[in-house]
Amino acid sequence: METSSITILGGDLRQCYAAEYLKAAGFPVICYHTPDFPYSAGIQKTDCLKQALAQSELILAPTPLTRDNDTLFQTALEEHSCSLEALWKELTPRHKFIASSLSKDHKKNLKNAGCQIMIFGNEAFFQTTNALLTAEGLLAEIIRCTPFSLSAADILLLGYGYCGTAIDRIFLPLCQNIYVIEQDTEKQIEAKQNGLIPIEKTDFAHVLPKCRIIINTVPGPILKIEQLSQMPVSCHIFDIASAPFGFPSDTTKKCLMPYYRIGGIPGRFSPVTAGETIGRTIERMIQYAL
C-alpha cells in the first residue's frame, strides 16, 4: 500500500523534527509556514495553503493549534499569518486532521468540513515521553527563576497525572520533600509509594507555610487565592497546565509572589526529541488505523 503524504502546518521546531522523522519513515512530507530549517532533500515547502492541503490526505496541526483562537500558531514570523477560518474552508472529507488536542469549537469546525480527527496527545506513549521532557525543561526553568537551591526547598505539587509522575522522578532526589494534592485515591496511593507526601485540606495550615515552590499541572483551580496567603513570601509558583490554568494571570499582583505560566516546554528545551516523539506517535497511529 502506498504511504500517504502528510502536510505539516506552522508551529515551532517540533514540527521540523517531526517532518524529518516522518520523511525518514517513508512519508512524503510537505511543510507550510513551518520554521526556517535545513530540511532534508525531498521535503517540500510551500507558502500556499491551498496547495499544501491539496497534496496530502494527512494534516499535522501545530501544538498548540492556535494561541489567539484566530490564527494558526507559527513561529515563522517572516510568513504571513494563516487564519483558522481560511484553514477550515480548505479542508475536505478526504483529510485526516492530526493534533495534540482540540477545543470543542475546533472539533465542530472540523466535523463540519467532514474531516476525520486524530488526537495523538491522548496516546499513552506520547503522554509518557512528553511528560518526561516537560519535567526536564521545568527543572531548568525553576533553577533559573528561583534564588534558592532545590536542596533547601519543599515543593507542593498539584496533580499526579503523567506530568506529576515525571516531576516526581526528576525532582524528588533534588529537594527536601514533595507534598502532593491529588483527588484520585489510587493516584494518592501511587504517589505515596513513590516517596511523595499526599495531603488534604486539613493539612494545609501545617504544610503550606513550609513550601517554597508550587508546581501546578491541573487545568483548573486547586488552591484558592486566599490559601496562597499561607505560603511563605519567598514561594514561587510554576503553572505548566493548559488553559484555563491553575491560577489567574494576575496572581503575582494579588499575592505578591512570583507566578510563572510556562507552556510549550518540550518545544523550547527538547525540540528534537519532542518532534521525533510526535512523528513516532503519528506513525504508530496511522499503521494501526491502516
Residues of region 147-164 satisfying the condition of being within 16 Å of ILE222 (Cα to Cα) and open to solvent by less than 10 Å² (accessible area, probe 1.4 Å): ILE155, LEU156, LEU157, LEU158, GLY159, TYR160, GLY164
Residue in region 166-181 that is modelled with pLDDT of 95 or more, under 16 Å from ASP239 (Cβ atoms) and within 12 Å of the chain's Cα centre (by Cα) present: no
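Listed here are the residues, each with its yes/no results for (1) more than 25 Å from ASP36 (Cα to Cα); (2) of a type in the set (A, V, I, L, M, F, W, C); (3) buried (at least 19 other Cβ atoms within 10 Å of the Cβ).
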{"position": "PHE73", "(1), (2), (3)": "no, yes, yes"}
{"position": "SER83", "(1), (2), (3)": "no, no, no"}
{"position": "LYS107", "(1), (2), (3)": "yes, no, no"}
{"position": "ASN112", "(1), (2), (3)": "yes, no, no"}
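Among the residues in region 50-58, are any within 24 Å of the chain's Cα centre (by Cα) and modelled with pLDDT of 95 or more? Full working, then the answer.
Of region 50-58, the ones within 24 Å of the chain's Cα centre (by Cα) are 58.
With the extra rule that they be modelled with pLDDT of 95 or more, the set shrinks to 58.
Yes - at least one qualifying residue is present in region 50-58.
Taking VAL272, is it farther than 18 Å from TYR160 by Cα, open to solvent by 10 Å² or more (accessible area, probe 1.4 Å) and of a type in the set (A, V, I, L, M)? Quick ask: steps written out before the conclusion?
Numbers: farther than 18 Å from TYR160 by Cα: yes; open to solvent by 10 Å² or more (accessible area, probe 1.4 Å): yes; of a type in the set (A, V, I, L, M): yes.
Yes; evaluated as a whole, the condition is true for this residue.
Tell me, which residue of region 223-248 that is of a type in the set (Gly, Ala, Ser) and either in a strand (DSSP E or B) or at pLDDT below 95 (or both) is most open to solvent (accessible area, probe 1.4 Å)? Show your work before the answer.
Of the residues in region 223-248, the ones of a type in the set (Gly, Ala, Ser) are 229, 234, 241-243, 246.
If we keep only those that are either in a strand (DSSP E or B) or at pLDDT below 95 (or both) as well, we get 229, 234, 242-243.
Working: SER229: 94, SER234: 39, SER242: 74, ALA243: 70 Å².
Checked region 223-248; the qualifying residue most open to solvent (accessible area, probe 1.4 Å) is SER229.
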Of all residues in region 183-222 being charged (D, E, K, R), more than 28 Å from PRO147 (Cα to Cα) and not in a helix (DSSP H, G or I), the one that is farthest from the chain's Cα centre (by Cα): GLU200
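Of these, THR146, THR165, which one is more than 26 Å from ARG14 (Cα to Cα), touching a Lys or Arg at 6+ places or on another chain (Cβ under 9 Å), touching a residue at least 12 places away in the same chain (Cβ under 8 Å) and not charged (D, E, K, R)? I'd like the intermediate steps shown before the answer.
Details: THR165 fails: more than 26 Å from ARG14 (Cα to Cα).
Every option except THR146 fails the conditions.
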Residue match in region 118-126 (condition: more than 22 Å from the chain's Cα centre (by Cα) and either open to solvent by 20 Å² or more (accessible area, probe 1.4 Å) or farther than 29 Å from PHE204 by Cβ (or both)): no
Number of the exception - GLY137 against (1) over 21 Å from LEU228 (Cβ atoms); (2) open to solvent by 40 Å² or more (accessible area, probe 1.4 Å); (3) in contact (Cβ under 8 Å) with a residue 60 or more places away in the chain: (2)
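Residues checked against (1) part of a strand (DSSP E or B); (2) in contact with a strand residue (DSSP E or B) (Cβ under 8 Å, 6 or more places away or on another chain); (3) within 17 Å of THR277 (Cβ to Cβ); (4) β-branched (Val, Ile, Thr):
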site: ALA18; (1), (2), (3), (4): no, yes, yes, no
site: TYR21; (1), (2), (3), (4): no, no, yes, no
site: PHE27; (1), (2), (3), (4): no, yes, yes, no
site: SER40; (1), (2), (3), (4): no, no, no, no
site: LEU53; (1), (2), (3), (4): no, yes, no, no
site: SER56; (1), (2), (3), (4): no, yes, no, no
site: PRO62; (1), (2), (3), (4): no, yes, yes, no
site: THR66; (1), (2), (3), (4): no, no, no, yes
Entirely in region 251-290, the helices (runs of 4 or more DSSP H) that have 1 or more residues that are farther than 29 Å from ILE143 by Cβ and in contact (Cβ under 8 Å) with a residue 60 or more places away in the chain: 271-289
Some residue of region 97-105 being assigned to a helix (DSSP H, G or I) and either without any contact (Cβ under 8 Å) to a residue 60 or more places away in the chain or open to solvent by 20 Å² or more (accessible area, probe 1.4 Å) (or both): yes
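The values are calculated or read from the model by the stated rules, or taken from the named source; none is laboratory data. Computed from a prediction, not measured in an experiment: that's the story for all the values here. Every residue, glycine among them, receives a Cβ derived from its backbone with ideal geometry; neighbour counts consider all protein chains shown. All accessible areas refer to the heavy atoms of the entire protein, side chains included, with ligands and DNA or RNA removed. Shrake-Rupley method; radii C 1.70, N 1.55, O 1.52, S 1.80 Å.
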